[in-house]
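What follows is calculated from the coordinates using simple rules that are stated; it is not laboratory data. These figures come from a predicted structure and were not determined experimentally. So basically every Cβ, Gly included, is an ideal-geometry build from the backbone, and we count neighbours across all protein chains shown.
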Amino acid sequence: MKRAINILKKSELFKSIEEKDLGAMGQVLEQRSVQEGEILATQGDTATFFFVLKTGTILVALNDGKSALVNTTGDFIGLELLSSKGIYISTLTALTPCEIVVIPRDTFLEFIQDNSSAAATFMQAWSSYRSRTFPFLTEQDTPNMDYHY
Amino acid sequence: MEANVYGLDAINAYNGWAISVVGVTIVFTGLVMLSLAISQLHKVLDLWENRKELSLFKKKAPATDRIPVELTPGQKESARQFKLLAETLSDHFSLPKLLKLARISGIDHPHATLARLLEADIIVSDTQGYHVLNMTQFKTLVS
């Protein structure tokens, strides 16, 4: 669990959040190894997990053939990039062997709802990260996304 | 100097007024400076809290010069195959579609090869969610 939290702390999204707040979520964090070609999430399936990358490269396939690569330690794959109303809206494929931290979606959303200050910090960081890393991801791609992650 | 003077006379006689004015001035100046310092304290605290952002305290980042990518003969062959497949798509192509074509075509380790081509900047993002072939890099590394 401590190792998983350490990986989260390397993420620009989670680094501003107090360790005690992360600790509440840390109980259910899980590290997982992923093989080349393995599919982590399939568009249309029930969304159960969000992911934080430790090592490797993951292809995030969105609508209309659009895609993005996630390949930096601490990169977060979640929120409207991955799911809407409990359904995955993108398919995640590991291009190389990866090490990831798996965050149960419900746990993460509870964390957001229960820690208003941490949530505000996180959402601000996410907005900045999203527009920088996925500039093409418009509202049109993710309609009616507010509070339906 | 008269020996027995009292009250205001004594004050006048021994520069009491001047001394008291100097004393009052010193005290008030001190208080003004103290209040100014306290009013600016939040800026100092902000600086301290964000000290990691200050270049003075920032640790120098390690050199990030990229190691030149070299492709093995097998990867070069796969790159040629990927190029042929990409040319069947539009100029700005979909990466998942290219990957699917590569899998159908039986290219060895299509995922890892695609990752390698991306790492080598042979395939680059057009920042709109699609990708393009970088022919200059392709010629440099593959041809």
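Here are a few things to note about the model shown:
- The fewest-to-most ranking of A:Met123, A:Met25 by surrounding Cβ atoms within 10 Å reads A:Met123, A:Met25.
- Three principal axis extents describe the C-alpha atoms of region B:75-135; from largest down they are 28, 21, 17 Å.
- Per-residue mean of foreign Cβ neighbours for B:110-120 is 5 (Cβ atoms of other chains, 10 Å radius).
- Adding -39500 (n - 2.57) for every DSSP H run of four residues or longer, then dividing by how many residues chain B holds, sets the calculated 222 nm ellipticity at -18000 deg cm²/dmol.
- Charged side chains reduced to their Cβ positions (Lys and Arg at +1, Asp and Glu at -1) give the protein assembly as shown a dipole of some 820 debye around its Cα centre.
- The protection proxy used here, the mean number of other Cβ atoms lying within 10 Å of each residue, ranks peptides B:31-39, B:134-142, A:45-53 as follows, highest first: A:45-53, B:134-142, B:31-39.
- Cα convex hull volume per residue for the protein assembly as shown (Å³): 233
- Eigenvalues of the alpha-carbon gyration tensor of chain A, scaled by 5 and square-rooted, set the equivalent ellipsoid semi-axes at 21, 19, 14 angstrom, largest first.
- Inter-probe distance in nm under a simple model that places probes 7 Å from Cα toward Cβ, at A:Lys9 and B:Gln128: 4.3
- Lysine pair number, Cα distance threshold 28 Å (strictly under), chain B, separation 8 or more or different chains: 13
- Positive-pole candidate from A:Ile89, B:Ser39, B:Asn134, dipole of the protein assembly as shown, charges at beta carbon: B:Asn134
- Estimated dipole of region A:45-109 in Debye, rounded to 20 [Cβ of Lys and Arg +1, of Asp and Glu -1, Cα centre]: 20
- Relative contact order of region A:11-125, pairs being alpha-carbon contacts under 8 Å that are 6 or more residues apart, as %: 39
- Stokes-Einstein diffusion of chain B at 20 °C, 1.002 mPa s viscosity, Kirkwood radius from Cα pairs, rounded to a whole number: 96 µm²/s.
- The label point for B:Asp46 and the one for B:Glu119, both projected 7 Å from the Cα toward the Cβ, are 4.4 nm apart.
- Theoretical ellipticity at 222 nm over chain A - DSSP helices of four or more residues, -39500 (n - 2.57) apiece, nearest 500: -9000 deg cm²/dmol
- Assuming charge only on the beta carbon of Lys and Arg (+1) and of Asp and Glu (-1), the dipole of region B:69-143 about its Cα centre is about 200 debye to the nearest 20.
- Average Cα contact separation per residue, chain B, under 8 Å, 6 or more apart, as relative contact order %: 19
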